[in-house]
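For reference, the structure discussed in these notes is given below.
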Amino acid sequence: MKRLLTITLIILFALPLSAQEPGSVIETGIASWYTSDKSEAITANGEHFDENSLSAAHKSLKFGTVVRVTNKTNNRSVDVRINDRGPYVDGRIIDLTPSAAKEIDMLKSGIAPVALTLLFEPDVPESKYDRAGDTGWYQIQVGAFSSTITAYSQYERLYNAGLRPWAELLEDSKAIRLSVRWIPAYQLERTVQALTALGFAEKDVLKKSEANPYR
């Protein structure tokens, strides 16, 4: 039974997540546009806000993603790059810069029903920050163990499940902390599921951003 669980987890972790293909309509809803009264306003990914750029804010799309926004009232489209977060109004799915809004003739109306078509999604989010998720990589701390034997046993379970465990000695307490490291963002949810199957409850683990191992 133990061997079957290990094999199942390895297969689960190895399978790619189903992702939207470029050219697919990924969302429909209401678009709005926004600007800033501050000359040095900064977007959520650390860039200077430029109302003349063809960019946009979205609640969850990876920074650097490019989507085609089609105004469903006139069929006009504009391609924008996601570099900010929002809009935070119920029912709205994307906030455009004034220039992008002008391209699809919704500057006067302020809002318009739109469809978002995925054109490009970067492997690593395009962000100047090292916040959780902005690097595109995560590590998950699964626990600290005072017993070396217990720590080794848990390390072996993680390794045999196809994960990437990491052990470090905590000098102040002499305990051994175990983490699962170098998790790409698209495998985060699947990794949490694998840890849950191994008995590590999601409420008991700590997710942190991780430096990009390929930089």
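Structure summary
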| read-out | value |
| --- | --- |
| 1 or more residues modelled with pLDDT of 95 or more and in contact with a Gly (Cβ under 8 Å, 6 or more places away or on another chain): qualifying strands (runs of 3 or more DSSP E) within the range 80-145 | 92-96, 111-120 |
| Breaking point among (1) closer than 25 Å to Glu210 by Cβ; (2) assigned to a helix (DSSP H, G or I); (3) in contact (Cβ under 8 Å) with a residue 60 or more places away in the chain, for Tyr152 | (3) |
| Any hit, the range 159-178, residues being touching a strand residue (DSSP E or B) at 6+ places or on another chain (Cβ under 7 Å), closer than 30 Å to Arg81 by Cα and assigned to a strand (DSSP E or B) | no |
| Residue count, the range 114-123 (criterion: exposed (fewer than 14 other Cβ atoms within 10 Å of the Cβ) and more than 18 Å from the chain's Cα centre (by Cα)) | 0 |
| Total residues in the range 145-165, condition surrounded by 16 or more Cβ atoms within 10 Å (Cβ to Cβ) and over 20 Å from the mean Cα position of the chain (by Cα) | 10 |
| Residues of the range 62-86 classified as closer than 12 Å to Ala44 by Cβ, free of Cβ contacts under 8 Å to residues at least 60 places away in the same chain, of a type outside the set (Asp, Glu) and in contact with an Asp or Glu (Cβ under 8 Å, 6 or more places away or on another chain), total | 2 |
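The values are calculated or read from the model by the stated rules, or taken from the named source; none is laboratory data. Keep in mind that what you see is a predicted model, and the values were worked out from it rather than measured. A quick note on method: Cβ atoms are made from the backbone with ideal geometry, for glycine too, and the neighbour counts reach across all protein chains shown.
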